[in-house]
Amino acid sequence: MRLDPKLVHPSIFKATDGALWSGRYAAPAAGRDAKMVAEHQRVWFKEYGKGCFLYAALSCVAFFGAIPIAVGMAKPWKALFLLGVMAAIALAGVFAYLRNLRQLTAPELAALLPMLDLTEGQRAYAETLVALERSGRPRAEIEETMAALNALLDEEARLIGARDLVRGSQQGREPLVQERERLALRAAEAHDAEARLAYETSLALLGERLAAFDAQGSQIERIDAHLELLRQAVLATRDAAHHRSAAPAGPDLGTDALRSAVALARAQSQATERALAELNAT
């Protein structure tokens with residue numbers, strides 16, 4: 001069964017486009033890459049081969065059926081008519097190809113997985129989609145779980161973005177350390193009491209700015225912890241889907257746990273964004 005493209009997270013289609021248009025797929029080296037490409041092509045033809053043969057058959061019928069019609073036309077119109085038929089056939093093929101780029105089946109996604117460039121969370125998500133489609137659960141339950149999984153991937157991307165911003169902000173810490181050393185030296189060398197007091201006040205203010213940077217450092221650890229929480233929530237859902245396919249009376253899909261993990265991660269990303277805003281304001 002084909003996955004509903006409206007329910008599949010855009011990051012998966014981005015990864016599949018990258019894999020299918022890569023040199024690794026177009027000209028795979030011998031060995032593992034060649035086997036993975038061959039396996040995907042085998043699955044692809046199994047999933048879409050009937051459609052390809054149907055398109056080829058209808059194209060032939062349309063073209064050869066147009067020839068008797070064109071015979072009775074005047075010479076200039078005859079060529080234009082046949083060219084128009086061929087153009088319509090080509091456009092139908094292009095439309096079908098572009099539509100196929102946004103279609104995935106569980107077996108095709110499973111075959112593509114080893115070639116996809118995904119984060120840990122995205123890979124766990126893709127594995128869960130495959131497991132869900134094979135679980136035999138009602139369509140409404142699968143769609144509800146996929147919606148929760150999509151929210152989880154959105155939050156993962158937001159956390160990763162926040163982590164990158166924190167790491168970028170930490171680059172501004174080293175100049176402050178150097179400035180603190182310079183001010184400390186100036187304060188130690190100052191002979192005038194008022195000048196020394198001014199330097200010491202500057203050092204105290206600089207210390208507050210450095211403390212804000214140091215507090216930001218702990219945000220990275222918290223973000224990594226919440227990213228792991230999201231990954232484990234997806235994996236728990238994947239395992240539950242596997243158990244459901246083997247035993248209909250197995251555990252539920254844990255949609256509530258997914259939503260809880262997303263809520264915690266969202267709170268963390270919001271806290272990080274607020275802390276970054278406060279740091280930039282100093």
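Coordinate-derived values only; no laboratory data. Not measured: the values here are computed from a predicted model. A quick note on method: Cβ atoms are made from the backbone with ideal geometry, for glycine too, and the neighbour counts reach across all protein chains shown.
A few remarks follow.
- Protection-proxy order for peptides 73-82, 152-161, each taking the mean of Cβ atoms within 10 Å per residue, highest first: 152-161, 73-82
- As a calculated quantity, the FRET efficiency between residue 266 and residue 95 at R0 = 45 Å, using C-beta atoms, amounts to about 0.70.
- Ignoring aspartates and glutamates fewer than eight residues from residue 50 along the same chain, the ones with Cα atoms less than 16 angstrom from its Cα are 108.
- Residue 154-residue 214 FRET efficiency (beta carbon distance; Förster radius 30 Å; 0.05 resolution): 0.50
- Footprinting exposure proxy for 202, 11 (fewest neighbouring C-beta atoms within 10 Å first): 202, 11
- Between 0 and 90°, nearest 10: helix 173-189 axis offset from the chain longest Cα axis: 10
- Take the Cα radius of gyration of the chain and divide it by 2.2 N^0.38 Å, N being the number of residues; the result is 1.57.
- Highest-first arrangement of 260-269, 234-243, where packing means the average Cβ count within 10 Å: 234-243, 260-269
- Approximate spin-label separation residue 102-residue 13, in nm, with each point projected 7 Å along Cα-to-Cβ: 0.4
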